[in-house]
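Asker: I'd like to ask you about the structure that follows.
The values are calculated or read from the model by the stated rules, or taken from the named source; none is laboratory data. Predicted, not measured: the structure shown is a model, and the values here were computed from it. Here the Cβ positions follow ideal geometry from the backbone for every residue, glycine too, while neighbour counts run over all protein chains shown.
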Amino acid sequence: MKRIHFIALLLICLVPAAPGKEAQPAEDPQIAQRMKNLTQQLRCLVCQNETLADSQADLAEDLRREIREQMKAGKTDQEILAYLTQRYGDFVLYKPPVKATTYLLWFGPFVVLLCGLLLLFQYLRRRKQLIPDIALTAEERKRAEQLLRT
Amino acid sequence: MKWLLFIPLGLFVGLVLFLAIGLRKDPHEVPSPLINKPAPAFQLPHLQEPTKTFSTEEMRGKVWLLNFWGSWCIACRDEHPLLVKYAESKILPIYGVDYKYANDNTDERAAARQFLEELGNPYTQTIYDADGRTSIDYGVYGAPESFLIDKNGVIRFKQIGPITEDVWNNKIVPLAKQLNQ
């Protein structure tokens, strides 16, 4: 009995995953490539941690269709991105643009890094001052040279 | 140099403050770029009478609320009784856009009509967006969404998600009164 259960379970696991809704007829490979590149940079607004390329949300499907149609109509990627940000804001972009409100985001880490480096240098210099510089006697120098040679 | 010992504590307090602020914000409320911009113009058929159309041009000189909803939207069902109540108060007209996803193959028009018959109809006019394009133009991503539009056709306020008593009484009504003056 147990074995039958096991086989049944195995069979269930082997059933191929149902094909996604996105079963499209063959399309221009150039547009397919552009679609892939562009939708991977965009955030789905419904499930915010998914890209527009991966999301199965209805809105994501409508937006993919819209983007595809605009590409076919000869719109550039820049124009399509502008179309989306006009409606949903910079939030749809996974890579936020560099502007006054995002300076902290873009340059903050470098400022922190610079502060860290400054502190480190200051610390090292102070430490150096703590170690007294004692001149060697002739005998000590001789011994040191000997040790270095061996 | 004893004060150096307090740096980690200071950093920790800062972190806690940032987290406390961050946790209070709803990540689903994305600031709309459409606030204080002209409401996207559209011309669409009525839900109940497909031969008639509604155009945003008709609304010039009026302060009105545009509510995006759908029969498939559960939060809309929650919001609906409040809309019915507010429509009766006649403070400002509420126009509804029934949002249908283009890839959705169900008969949304029939479902939406039934929705209004069951729960009451708060809308001065109900508009049917058959391919979701107008809804996309308004940046709708989490129905219900409502836009308060002024006499010049400029969006002055946007509510993402259901309108609550608090939002209606403290935001929409005062702003609408001010805009009507």
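Asker: What number goes with the only condition from (1) away from every other protein chain (no Cβ under 14 Å); (2) in contact with a strand residue (DSSP E or B) (Cβ under 9 Å, 6 or more places away or on another chain) that A:Leu81 does not pass?
Answerer: Against the list (1) away from every other protein chain (no Cβ under 14 Å); (2) in contact with a strand residue (DSSP E or B) (Cβ under 9 Å, 6 or more places away or on another chain), A:Leu81 comes up short only on (1).
Asker: Name the residues in the range B:134-180 that are within 14 Å of chain A (Cβ to nearest Cβ) and more than 14 Å from the chain's Cα centre (by Cα), would you?
Answerer: Within the range B:134-180, none qualify.
Asker: Do you know which of the residues in the range B:1-56 that are of a type in the set (Phe, Trp, Tyr) and out of contact with any Asp or Glu (no Cβ under 9 Å at 6 or more places or on another chain) is farthest from the other protein chains (Cβ to nearest Cβ)?
Answerer: Among them, the one singled out is B:Phe54.
Asker: How do the pairs read when you match residues in the range A:41-63 that are closer than 18 Å to B:Asp26 by Cβ with residues anywhere that are among the aromatic types (Phe, Trp, Tyr) and part of a helix (DSSP H, G or I), using Cβ under 7 Å and keeping only pairs 6 or more apart or on different chains?
Answerer: A:Arg43/A:Phe91; A:Leu45/A:Tyr88
Asker: Another one. What do you reckon, is A:Leu42 within 12 Å of chain B (Cβ to nearest Cβ), crowded, with 19+ Cβ neighbours inside 10 Å and of a type in the set (A, V, I, L, M)?
Answerer: So A:Leu42 fails the test.
Asker: Give me a count of the residues in the range B:1-51 that are part of a loop (DSSP other than H, G, I, E, B) and within 30 Å of B:Ala112 (Cα to Cα).
Answerer: Total satisfying the criteria: 20.
Asker: Of everything in the range A:50-63 that's assigned to a loop (DSSP other than H, G, I, E, B) and more than 10 Å from chain B (Cβ to nearest Cβ), which residue is surrounded by the most Cβ atoms within 10 Å (Cβ to Cβ)?
Answerer: Result: A:Leu52.
Asker: Can you find, within the range A:128-144, the residue that is nearest to the chain's Cα centre (by Cα) among those that are of a type in the set (D, E, K, R) and surrounded by fewer than 10 Cβ atoms within 10 Å (Cβ to Cβ)?
Answerer: Result: A:Lys128.
Asker: Is it the case, given these coordinates, that B:Pro93 is touching a strand residue (DSSP E or B) at 6+ places or on another chain (Cβ under 8 Å) and modelled with pLDDT of 90 or more?
Answerer: In short, yes.
Asker: Those residues that are within 18 Å of the chain's Cα centre (by Cα) and polar (S, T, N, Q), I need them from the range A:77-114; list them, please.
Answerer: Hit for the range A:77-114 is A:Thr102, nothing else.
Asker: Among the residues of the range B:61-84, count how many are within 14 Å of the chain's Cα centre (by Cα) and not in a helix (DSSP H, G or I).
Answerer: Looking only at that region, the number is 8.
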